[in-house]
1. Per the helix-only calculation at 222 nm, which mean residue ellipticity applies to the chain, given -39500 (n - 2.57) for every DSSP H run of n ≥ 4 and division by its residues, nearest 500 deg cm²/dmol?
2. So which chymotrypsin sites (Phe, Trp or Tyr not before Pro) in the range 58-149 are both in a DSSP loop and have at most 13 other Cβ atoms within 10 Å of their Cβ?
3. Skip the ligands, DNA and RNA, and give the accessible area per residue of the chain with a 1.4 Å probe, whole Å².
4. Given an 8 Å cut-off on Cα distances and at least 6 residues of separation, report the relative contact order of the range 1-82 as a percent.
5. Starting from the range 82-149, pick out the trypsin sites (Lys or Arg not before Pro) whose DSSP state is loop and whose Cβ has at most 16 other Cβ atoms within 10 Å.
6. Where nothing but the Cβ of Lys and Arg (+1) and of Asp and Glu (-1) is charged, how large is the charge dipole of the chain around its Cα centre, in debye to the nearest 20?
7. With a cut-off of 8 Å between alpha carbons and a minimum separation of six or more residues, what is the relative contact order of the chain in percent?
8. Sum up the charges of everything whose Cβ sits under 10 Å from the Cβ of Y111, counting Lys and Arg as +1 and Asp and Glu as -1, but leave Y111 out.
Amino acid sequence: LIELCSNNSFTNILEIGFNGGHSSLIMLENTKAKITSIDLGNHIYVEKGKNLIDNLYPNRHTLMLGDSKEIISIIDETFDFIFIDGGHDYETCLSDLTKCKNISNENTLIYMDDLVYEKPKNWNVGVIKVWKELKDKKIINEIDYKFFGKGKGRGLCKYIYN
């Protein structure tokens, strides 16, 4: 993520799955972008991570609390980088990756975390299934894939516009 952010001039980033804010911190540190994050907000460390980010990077981060399956539909801006690391079940992954096409353009880069072709774990089977389906249906075009081991990997893609 550090290398990807450092080598691109992202200005507007969407992150699905804020959790404690670790990925947001990496992206804020390595870009000049504004970031919008979506998170259910179920953990106490969400608020702590948000407070830290606001202190370190004032006015560059927005946190939208709620279900991404609902929130993505009400967003009215376009992003040049979308980082998806939210729910890993099939329905959530399908909703996230499908709906994000409406807030992207031909140049938007999508990063899908926890995508693993080799030795997947039970918690990322939904991610893999959705990714493969949308590739087969020619909704996304896989640009790159990296396997990090032990259930960890990521895919990069762009949406296919007819």
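1. Details: 6 runs with 53 residues, N = 162.
Mean residue ellipticity at 222 nm (helix-derived): -9000 deg cm²/dmol.
2. Working: sites: F79, F81, F83, Y90, Y111, Y117, W123, W131, Y145, F147, F148; in loops: F79, Y117.
Those satisfying the criteria are Y117.
3. Working: 8580 Å² over 162 residues.
Per-residue value: 53 Å².
4. On the way: 132 pairs, mean separation 28.9, N = 82.
Dividing the mean separation by the residue count of the range 1-82 yields 35 percent.
5. Working: sites: K99, K101, K121, K129, K132, K135, K137, K138, K146; in loops: K121, K137, K138.
In loop regions of the range 82-149 (DSSP not H, G, I, E or B), the sparsely surrounded trypsin sites (Lys or Arg not before Pro) are K121, K137, K138.
6. On the way: 20 positive and 23 negative charges, 79 e Å.
Dipole about the Cα centre, nearest 20: 380 debye.
7. Values: 308 pairs, mean separation 30.3, N = 162.
With pairs under 8 Å counted, the relative contact order is 19 percent.
8. On the way: positive: R154; negative: E15, D85, D113, D144.
Combined, the nearby Lys, Arg, Asp and Glu give -3.
The values are calculated or read from the model by the stated rules, or taken from the named source; none is laboratory data. Quick caveat: nothing in here was measured; it's all calculated off a predicted structure. As a convention, Cβ positions derive from the backbone with ideal geometry for all residues, glycine included, and neighbour counts pool all protein chains shown. In case anyone asks, the SASA skips ligands and DNA or RNA and just uses the protein heavy atoms, side chains included. Shrake-Rupley method; radii C 1.70, N 1.55, O 1.52, S 1.80 Å.
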